[in-house]
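*Asks:* The following block contains the structure, expressed as structure tokens.
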Amino acid sequence: MAIQKGKDLLLKVSDGAGGFVTVAGLRSRSLSFNAEPVDVTHSESAGRWRELLAGAGVKKASVAGAGVFRDEASDGLVFDGAIAEFQIVIPDFGAVQGPFQVTGLEFRGEHAGEVAYDLALESAGALSFAAA
């Protein structure tokens, strides 16, 4: 796979009509996946090494973004705490899609600069992946 441009990693939110709209003003985005391990180590574990139960534990995805506040239609979701369908497009790789909830929103602004924001999302259900 060739090196991709960071601006092509997109965060999109459902438009309510079966499509998606890109979240406005984002300058940086990140996506991370995590799973909590389930420790099943016992007194007879080989060499007393930790043993984990495969396929168990809670899986989650976290999304973070920062950008310039533009007061567009995609911004309204952050104020009501609702769970909405989001899509994260990873260029030339695929798209992750599913329910997310906005868990953090911070605004900041300097006297001679633009209003900027930081956004945090957490998965709120099963996610799907579609290869590009």
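The values are calculated or read from the model by the stated rules, or taken from the named source; none is laboratory data. Please read these numbers as outputs of a predicted model, since none were measured by experiment. Positions of Cβ are generated from backbone atoms using ideal geometry, with glycine treated the same way; all protein chains shown enter the neighbour counts.
*Asks:* Can you tell me which residues in the stretch 1-37 are touching a Gly at 6+ places or on another chain (Cβ under 7 Å) and either modelled with pLDDT of 90 or more or outside any loop (DSSP other than H, G, I, E, B) (or both)?
*Replies:* LEU11, LEU26, ARG27, SER28, ARG29, ALA35, GLU36, PRO37 - these are the residues of the stretch 1-37 that are touching a Gly at 6+ places or on another chain (Cβ under 7 Å) and either modelled with pLDDT of 90 or more or outside any loop (DSSP other than H, G, I, E, B) (or both).
*Asks:* Against the condition without any contact (Cβ under 8 Å) to a residue 40 or more places away in the chain, touching a Pro at 6+ places or on another chain (Cβ under 9 Å) and either more than 17 Å from VAL13 (Cα to Cα) or surrounded by 12 or more Cβ atoms within 10 Å (Cβ to Cβ) (or both), how does LEU53 come out, does it pass?
*Replies:* In short, yes.
*Asks:* Moving on. Among all residue pairs at least 6 apart or on different chains, which show Cβ distances below 6 Å where the first residue, located in the stretch 16-40, is farther than 13 Å from PHE86 by Cα and the second is of a type in the set (Asp, Glu) and at pLDDT below 90?
*Replies:* ALA24/GLU72
*Asks:* Can ASP92 be described as free of Cβ contacts under 8 Å to residues at least 12 places away in the same chain, among the charged types (D, E, K, R) and farther than 18 Å from LEU26 by Cα?
*Replies:* no
*Asks:* May I ask you to list the residues in the stretch 70-108 that are among the hydrophobic types (A, V, I, L, M, F, W, C), modelled with pLDDT of 85 or more and outside any strand (DSSP E or B)?
*Replies:* Scanning the stretch 70-108 gives a single hit, PHE93.
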